[in-house]
Amino acid sequence: MKKFSAKPAGVINSADLKTAKGQFVYWTIFLILCLICAVCILPAIWTLMTGFKTSQEMYQSTKFFPEHFNLSDSWGSIKSAWKAMDATKASLNTLLVCIGSTLFTLLIDGLGGYVLSRLKPKGTTLVFTLIVWTMMMPGQIRTVPLYMSYMSFPFVAKFPWELNLLNTYWPMIPM
């Protein structure tokens, strides 16, 4: 445990690691974390391995690895499923939404954070409290009200032109 000789204080500090009890606690925590990682990763690997199984084998066998590993048949199945789901379009849409959401979040939240921290306008405490309250609210709670707002937006805003935000990317970008 030489690499931990200068470890700052935490749950287990360097003095604790020199004792047998400290090493036992360290390795117990390490094994628990490895177990949690395995529990999180195994479903993804199981799904990947299922992609290389035949239809009969997928529904009848509970084995982890496919019995007959034939890459050409599996690749054909994967390509046909990719085309049937139109996964290219879904992947590009996901990438576009993630990039747009990240850029808008960095720009708007960065400028808002700067204003609240440096300039300190009136009502900063109220705004900060409201921001913390919205952070405590899960995003799933806002899904239906946001959809209803975007659905009725042209009628509420009374613009001279029809502004339909449904079936666009704008509602997906957090502001």
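Points to keep in mind about this one:
- Checking LEU96 against (1) within 30 Å of VAL132 (Cα to Cα); (2) touching a helix residue (DSSP H, G or I) at 6+ places or on another chain (Cβ under 7 Å); (3) not basic (Lys, Arg), the condition it does not meet: (2)
- Residue list for region 39-64, restricted to those being surrounded by fewer than 10 Cβ atoms within 10 Å (Cβ to Cβ) and hydroxyl-bearing (Ser, Thr, Tyr): THR47, SER55, TYR59, THR62
- The one condition in (1) under 18 Å from PRO171 (Cβ atoms); (2) at pLDDT below 90 that LEU116 fails to fulfil: (1)
- Residue in region 125-162 that is farthest from THR102 (Cα to Cα), counting only those that are surrounded by 11 or more Cβ atoms within 10 Å (Cβ to Cβ) and at pLDDT below 70: PRO154
- Candidates PRO138, PRO121 - the one that is over 21 Å from PRO171 (Cα atoms) and outside the structural domain of GLY51 (by TED's automatic domain parsing): PRO121
- Region 6-52 - residue that is at pLDDT 85 or above and among the aromatic types (Phe, Trp, Tyr) and, of those, nearest to ALA81 (Cα to Cα): TRP46
- Members of region 65-124 that are farther than 30 Å from LYS53 by Cα, surrounded by 13 or more Cβ atoms within 10 Å (Cβ to Cβ) and of a type in the set (Ser, Thr, Tyr): SER101, THR105, THR124
The values are calculated or read from the model by the stated rules, or taken from the named source; none is laboratory data. Note that the structure is predicted; figures quoted are calculated from it, not measured. All Cβ positions, even for glycine, are placed from backbone atoms using ideal geometry, and neighbour counts span all protein chains on display.
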